[in-house]
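These notes concern the structure reproduced below.
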Amino acid sequence: MNLKKLLMILTLLSTQLFSNTVLPPLYQDGEDFNSTKEFFIDSRSPVNAVDISHNGQYIVSASDDNNVRLWSRKEKKLLKLFKGHAEKVLTVKISTDGKYIVSGSADNTLKLWDIKTGTTLHTYNAHSGSVNAVDISSDGRYLLSGSSDHSIILWDIESEKPLKTFNGHTSSVNSVAFSHDGKYIVSGSDDKSIKLWNVDKGTVIQTFKGHSDKVLAVAISQDGQYIVSGSEDKSIGLWSIKKRKMIKRLRGHKNFVNAVAISQDGKYIVSSSGSFYNKKDNTVKLWSLKKRKLLKTFKGHNGYVNSVAINNNEQLIVSGSEDESIKIWTIKEGKNIETLEGQKSTVNSVDISADGKYILSGSNDNTVKLWDVEKNRLIKVFNGQKNDIRSVAFSGDEKYIIAGSGSQQGDLGYSIKIYDKKSGKVVKIVKSNRYINSVSASTGRYIVATLQDSYDIKLWDRKRKNSIKTFKGHMGQVNSVAIGKNGTYIVSGSDDKTVKLWNRKKSKAIYTFKGHTEKVNSVVLSKDGQFIVSASDDKTLKVWDRKKKTLLNTFKGHKDKINTVAISDNGQYIVSGSGDNDANGDNSIRVWNREKGTLLHTFTDNNAPVTSVAISQDGRYIVSTSGDNIKLWDRTKGDKPIKEFIGGVNGNWAVFDNVTKRLFRSESIFSKR
């Protein structure tokens, strides 16, 4: 198993509580990535396929982590994990009587599972390519499989030998379906065609052509009158079996149509969209089959939607997505009522020690975590905050840790807490009625912060009990603030598209830098106070000379807005992170030579938009956050992260050392089966 696959299986973290700095046992020597240990792991990898039972009470899902899962919709929990496939599971179906699950995998096999016992009843092995699609006949006697080997195979459910092979497609078969009476089969292929087959004769009755790209999904109505298809050409085809032609092309999706389904009474078509190559759409759509028009669009997934199913009483739609979640939607209200997913702990901010030995992270589980890079482990957790940790920073001398909290949900327990790094104790608390956007600390006693919906900057003196200063001057939300190591100068970036330089002693702005055409998201000040760097929604970085008050350089190259920027202590290297959920997904980290004005390296992070970056003193090591991942990159080595750090909401954690190919983790990150 390669690293990518293993990373995808890191999932719903166990429910053991984690208190202060007492850590669960660690596998000190690391664990090989190809470990054969049995673990019960909840879904934390892309969901490739879903199905819903006849009574609407159970959902089955197939995932990239090689497993099939059975969920209780009523109890909102995972009931069973079905393990046995050697590669990712691409497709899954529940039998009409609810007794069986059939799954197809990239390991070229189908498996039949007993829902009650969770055991494998049969493994069907005749395809020479991945099994992309499966179906079960309504009488429960036969299985159907479509493969990348271009073939379709009919199986007797009680036998592991194929009954019949259907050949005719000239490329990968992506979707197959039985007619309700079991007399016909419909299939869709990469060859852009849909085929209707006679089951008894094994022959093609009709080949439907009309899509201009790959056919990814097909479904057949229960009355046998219609076929519905979804294609990479972004359209849905409605075909009349009797007339042997397309009678309507439904347009509305902005991306590949990955899945289609038809309700039992033939009233509705449901479809889903999105792709790895283009982050647009990611929606589920409901259509009227009779009126042949769009009724509703369901939004909520943050990744492409691979699969949809509609339950037999037409009240629920289930969708599975690359964003690692399964969502349940009501047709009547048109809204998401339930989401089944892992317990994520989104990381909002990160910092790295000057020597690159420690990483500091703040996340949505209300904790600050200190990681030891060399020992591959979480060494301390700083608790006590009541809200998400929005921003973290080491003090200039690295004796203290500063954390600003806040949530956009209306809870007013916001604060900045200063922790003693060695003891973990809180040495100062600064309360706020707005959540904290950004924090920075000087080497000595000063801390600056920006607040939600505020045009102001706040400064505190750590050594004085109630000392606070307010800096006014921006005409828009202040998004980022930084203070020089000696505490003399402060720099800030705002929605008003400007960067301001402040003198702490004079409590006023001494210069305003103008040049960005969109809001400024992040600012930093070099250690010597000579250079200011700013990052903006306009997709540029700007380097300013503090003393001369001039623009030195503009760096272009990011394809999305730039969310975060950092500069090495020697001022030689600048690192930036970008990405936007609503755009095409640049999600990259770029390293620049400040003096030469050149791009040195681009690291691509496919996980999510890069929200925070930091760089070691010598400019060699870079740490970044995206989603719930923390990644450590070596500027001098390759294009992949050298280590990945993942912490869960219950204090569980894992570190992947990509150089040695070993896994380090807390004992409780998995619950043994």
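Of Phe531, Phe603, all but one fail to be of a type in the set (Phe, Trp, Tyr), in the same structural domain as Asp355 (by TED's automatic domain parsing) and under 18 Å from Ala482 (Cβ atoms); the exception is Phe531.
In this structure, Lys458 does satisfy being modelled with pLDDT under 90 and touching a strand residue (DSSP E or B) at 6+ places or on another chain (Cβ under 6 Å).
Annotation: of all residues in the stretch 422-453 being at pLDDT 85 or above, touching a Lys or Arg at 6+ places or on another chain (Cβ under 9 Å) and surrounded by fewer than 21 Cβ atoms within 10 Å (Cβ to Cβ), the one that is nearest to Gly404 (Cα to Cα) is Val426. Taken together, Val543, Val610 contain a single residue that is in contact (Cβ under 8 Å) with a residue 40 or more places away in the chain, in a loop (DSSP other than H, G, I, E, B) and either on the phi < 0 side of the Ramachandran plot or out of contact with any Pro (no Cβ under 9 Å at 6 or more places or on another chain) (or both), which is Val610.
Only one residue in Lys285, Lys267 is of a type in the set (Lys, Arg), under 20 Å from Leu340 (Cα atoms) and not assigned by TED's automatic domain parsing to the domain that holds Asp97, so which one is that? Talk me through it step by step, then tell me what you get.
Working: Lys267 fails: under 20 Å from Leu340 (Cα atoms).
Just one listed residue meets the conditions, Lys285.
Of all residues assigned to the stretch 263-271, at least one qualifies as being within 18 Å of Asp135 (Cβ to Cβ), modelled with pLDDT of 95 or more, in a strand (DSSP E or B) and aliphatic (A, V, I, L, M). Just one of the listed residues (Lys559, Lys548) is out of contact with any Pro (no Cβ under 9 Å at 6 or more places or on another chain), outside any strand (DSSP E or B) and without any contact (Cβ under 8 Å) to a residue 24 or more places away in the chain, and it is Lys548.
Select from the stretch 109-123 the residues that are outside any strand (DSSP E or B) and either touching a residue at least 40 places away in the same chain (Cβ under 8 Å) or farther than 19 Å from Ser175 by Cβ (or both) and list them in ascending order. Explain how you work it out, then say what you get.
Looking only at the stretch 109-123, we keep the residues that are outside any strand (DSSP E or B), and these are 109, 115-119.
Within the stretch 109-123, Ile115, Lys116, Thr117, Gly118, Thr119 qualify.
Within the stretch 57-71, one or more residues are over 24 Å from the mean Cα position of the chain (by Cα) and either of a type in the set (Ser, Thr, Tyr) or at pLDDT 90 or above (or both).
Could you run through the stretch 321-346 and say how many residues are in a loop (DSSP other than H, G, I, E, B) and either more than 14 Å from the chain's Cα centre (by Cα) or modelled with pLDDT of 85 or more (or both)?
Quick first cut of the stretch 321-346, residues in a loop (DSSP other than H, G, I, E, B) only: 322-325, 331-334, 341-346.
Now restrict to residues that are either more than 14 Å from the chain's Cα centre (by Cα) or modelled with pLDDT of 85 or more (or both): 331-334.
Summing the residues that are in a loop (DSSP other than H, G, I, E, B) and either more than 14 Å from the chain's Cα centre (by Cα) or modelled with pLDDT of 85 or more (or both) in the stretch 321-346 gives 4.
Could you list, in sequence order, all residues of the stretch 103-118 that are within 12 Å of Asn67 (Cβ to Cβ) and either touching an Asp or Glu at 6+ places or on another chain (Cβ under 6 Å) or acidic (Asp, Glu) (or both)? If you could, list the steps in order and put the result at the bottom.
The first filter runs over the stretch 103-118 and keeps only residues within 12 Å of Asn67 (Cβ to Cβ), leaving 103, 105, 111, 113, 118.
Residue satisfying the conditions is Ser105 alone.
Between Leu154, Leu144, which is outside any loop (DSSP other than H, G, I, E, B), crowded, with 23+ Cβ neighbours inside 10 Å and in contact with a Leu (Cβ under 8 Å, 6 or more places away or on another chain)? Reasoning before the result, please.
Details: Leu154 fails: crowded, with 23+ Cβ neighbours inside 10 Å.
Only one candidate qualifies: Leu144.
The strands (runs of 3 or more DSSP E) falling completely within the stretch 481-539 that include 3 or more residues that are β-branched (Val, Ile, Thr) map to 520-525.
Run down Gly334, Gly384 and say which single residue is farther than 27 Å from Val448 by Cβ and surrounded by fewer than 21 Cβ atoms within 10 Å (Cβ to Cβ). Spell out the reasoning first.
On the way: Gly384 fails: farther than 27 Å from Val448 by Cβ.
Result of the check over Gly334, Gly384: Gly334.
Test Gly237 against the criterion of being among the small types (Gly, Ala, Ser) and assigned to a loop (DSSP other than H, G, I, E, B), and give yes or no.
Values: among the small types (Gly, Ala, Ser): yes; assigned to a loop (DSSP other than H, G, I, E, B): no.
Taking the combined requirement at face value, the residue does not satisfy it.
When each of Ile205, Ile185, Ile227 is tested for being free of Cβ contacts under 8 Å to residues at least 24 places away in the same chain and either among the hydrophobic types (A, V, I, L, M, F, W, C) or surrounded by 19 or more Cβ atoms within 10 Å (Cβ to Cβ) (or both), the lone residue that passes is Ile205.
The values are calculated or read from the model by the stated rules, or taken from the named source; none is laboratory data. Quantities reported herein were computed from a predicted structural model and do not represent experimental measurements. Cβ sites come from the backbone with ideal geometry, for glycine too, and all protein chains shown count toward neighbours.
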